[in-house]
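As structure tokens, the structure follows; a few thoughts come after it.
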Amino acid sequence: MNDSMSLEDKYLLPTYEKFPFALERGEGCWVWDEDGNKYLDLYGGHAVAAIGHSPAVVTAAIAAQSAKLLFYSNLVYTRPRAEAAKALVDFCGEPGSQVFFCNSGAEANENAMRIARSVTGKKNVVVAEGGFHGRTAAAIAATGLKYRKGLAGLGADIVHVPFGDLAAAEEALKGAAAFLLEPIQSVQGAATATNEYLQGLEALCGKNGALLIFDEVQTGLGRVGAPSARHAFGARPQMQTFAKALASGVPAGAVLVAPEAAAKVKPGELGSTFGGGPLACVAISATIKAIVDQNLTENAAEMEDLIRSTFKFPQIAEIRGKGLLLGLVLDRPSKPTRDALLKKKIIVGGADDKHVIRLLPPLTVGPTEIGLLRGALEEIFAAEPVAA
């Protein structure tokens, strides 16, 4: 164990099970540890590094902004905030939509629920079982049971219904303010909604005067082979929440609010000291511009097609997800395979579904990197018989 790892273990609470190395730098789809070992990163730090690690367009924007104005609160206008909001609306929203900036996905989801309650005058929020919406009080109340274990007094106004069950949703939405869900439940192993389910939720929310909220913390910003899940699934939510890749690693979250709901939000109802700060906002604008300029949305769709057409191993029972949010469902627990990949210097993710390998690589990943993963899996599977 090197010095950095020892220092972390001494001074940080042990909240995560970590990979056995300390990273020093990254570029594109690759990261290097302090011992100089190079790893192919197909997990992207929880889907954060959408345009690659330490992209020059973002680091340059941050450096330039830091020399001008590090921070001022939302009591003043700033050009970076205005441009970041416009970029997000133009890419993922529709004309007339507006944005609330915060610092994380959990904050974005909490504020989306707050907006829904304020706009509708109703209390309950319906959520899909198995979702992951964050770890702050209201967000974790809306999150799957595993993460709420041992936490008392949370979520009296949160109603959980089975993911994909329109009949249960219809009953729960009577008198509710909103329905919040991830269109692809990443932590569950890329469990994927159908178009019919999401379009059905849109209709049910409209019928009951509730707002539909898509948690797009992982599905947004080109990752699913479309600008966002609303585009990929053909369903229109009144709110979308974003974080993770939004600012390429600078902490940032956002709620994108459709025109009819945005018009009902009153001054003073929401606030965030650091939300929409200049550094985060220039990173947001640079990230979205890079996704558009480099055709990374299209690349995500193409790499999904490549994976689905060439990963024809009998050990892979199913490939879930869309674009570059994929779950390889194995015929066995995935951890031994993930450990074997790590020995080959390839980083992938696990899931609550213990048979799943999650792929959340930078959207810049190409056929060469996909080929390296395919070749490594071929070698690993050759030593592992197909499960009976």
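No lab work stands behind these numbers, since they all come straight from the coordinates. Everything numeric here is computed off the predicted structure, so don't read it as measured data. Note that we place each Cβ from the backbone using ideal geometry, even for glycine, and neighbour counts take in every protein chain shown.
Which label belongs to the value computed from this structure, given these candidates for percent of Cα pairs over 39 Å apart: [x] 19; [y] 16; [z] 28?
[y]
Please list, in chain and number order, the residues 5+ apart from Gly28 or on another chain whose amide H is under 5 Å from its amide H, with Hs placed from the backbone.
His53
List the trypsin sites (Lys or Arg not before Pro) within region 263-315 that fall in a DSSP loop (any state other than H, G, I, E or B) and whose Cβ has at most 11 other Cβ atoms within 10 Å.
The qualifying sites are Lys312.
What residues qualify as long-range amide H neighbours of Ser228, i.e. H under 5 Å apart, gap of 5 or more or another chain, H built at 1.01 Å from N?
Residues meeting the criterion, in which the H sits 1.01 Å from N, are Gly222.
For the chain, modelled as a Gaussian network with Cα springs under 10 Å, which listed residue fluctuates most, Thr219, Thr368, Thr136?
Ranking Thr219, Thr368, Thr136 by mean-square fluctuation puts Thr368 first.
How big is the charge dipole of the chain about its Cα centre, in debye rounded to the nearest 20, if each Lys and Arg gets +1 on its Cβ and each Asp and Glu gets -1 on its Cβ?
780 debye
Quick one: which residues, 5+ away or cross-chain, put their amide H under 5 Å from the amide H of His160? H built at 1.01 Å from N.
Placed amide hydrogens put Val127 under 5 Å from His160.
Using θ = phi - 60° and the Karplus form 6.51 cos²θ - 1.76 cosθ + 1.60, what ³J(HN,Hα) does each residue of region 156-173 get, whole Hz, x for Gly and Pro?
Values, residue by residue: 5, 9, 10, 10, 9, 10, x, 5, x, 9, 5, 5, 5, 5, 4, 5, 6, 6 Hz.
For the chain, build the charge dipole from Cβ charges (+1 Lys, Arg; -1 Asp, Glu) around the Cα centre, then report which of Val217, Ala142, Val76 sits farthest towards its positive end.
Comparing the listed Cα positions along the dipole, Val76 ranks first.
Looking at the chain as a GNM with Cα springs under 10 Å, which of Lys174, Lys335, Lys68 has the largest mean-square fluctuation?
Lys68
Can you sort Arg230, Arg135, Arg114, Arg223 from fewest to most other Cβ atoms within 10 Å of each residue's own Cβ?
Least crowded to most crowded, the residues run Arg135, Arg114, Arg230, Arg223.
Can you give me the C-alpha center-to-center distance between region 326-388 and region 80-116, rounded to a whole angstrom?
Each part's Cα centre sits 34 Å from the other's.
Run the numbers for Trp32 and Ala263: contour at 0.36 nm per residue of separation, minus the present Cα-Cα distance, in nm.
78.4 nm
Nearest-5 percent of antiparallel DSSP beta bridges in the chain?
For the chain, the DSSP antiparallel bridge percentage is about 65.
How compact is region 254-360 by the rule of thumb for globular proteins, expressed as Cα Rg over 2.2 N^0.38 Å?
1.52
Identify, among Ala156, Leu296, Phe242, the residue whose Cα sits farthest towards the positive end of the charge dipole of the chain, taking +1 on the Cβ of Lys and Arg and -1 on the Cβ of Asp and Glu, with the dipole about the Cα centre.
Ala156
Tell me the relative contact order for region 56-293 as a rounded percent, counting alpha carbon contacts under 8 Å between residues six or more apart.
31 percent
Helix-derived [θ] at 222 nm for the chain: sum -39500 (n - 2.57) over DSSP H runs of at least 4, divide by residue count, nearest 500?
-11000 deg cm²/dmol
What full-extension length gain, to one decimal in nm, is calculated for Lys207 and Arg374 as 0.36 nm per residue of separation minus the Cα-Cα distance?
Additional length available on full extension: 55.5 nm.
Please label the shape of region 177-290 as rounded, prolate or oblate, based on the square roots a ≥ b ≥ c of the eigenvalues of the alpha-carbon gyration tensor (a/c under 1.5 means rounded; beyond that, a/b larger than b/c means prolate, else oblate).
Because a/c hits 1.5 or more and a/b fails to exceed b/c, region 177-290 counts as oblate.
In which sequence would Phe214, Phe179 go, from the one with the fewest C-beta neighbours within 10 Å to the one with the most?
Phe179, Phe214
Can you sort Met303, Met5, Met239 by how many other beta carbons sit within 10 Å, fewest first?
Met5, Met303, Met239
With θ set to phi - 60° and the Karplus curve 6.51 cos²θ - 1.76 cosθ + 1.60, what are the ³J(HN,Hα) couplings of region 262-275 in order, to the nearest whole Hz, using x for Gly and Pro?
4, 5, 9, 7, 9, x, x, 6, 10, x, 7, 4, 8, x
Would region 58-101 count as rounded, prolate or oblate if I go by the C-alpha gyration tensor, calling it rounded below 1.5 in a/c and otherwise prolate when a/b exceeds b/c, oblate otherwise?
oblate
If R0 is 51 Å, what FRET efficiency do you get for Phe19 and Arg79 from their C-beta distance, rounded to 0.05?
The value I calculate is 0.85.
Taking R0 as 25 Å, what FRET efficiency do you get between Glu8 and Ala64 from their Cβ-Cβ distance, rounded to the nearest 0.05?
Step by step, r from the Cβ atoms, then E = 0.20.
Rounded to whole Hz and in sequence order, give me ³J(HN,Hα) for region 313-329 from the Karplus expression 6.51 cos²θ - 1.76 cosθ + 1.60, θ = phi - 60°, writing x for Gly and Pro.
8, x, 6, 9, 7, 6, 10, 9, x, 9, x, 10, 10, 10, x, 8, 8
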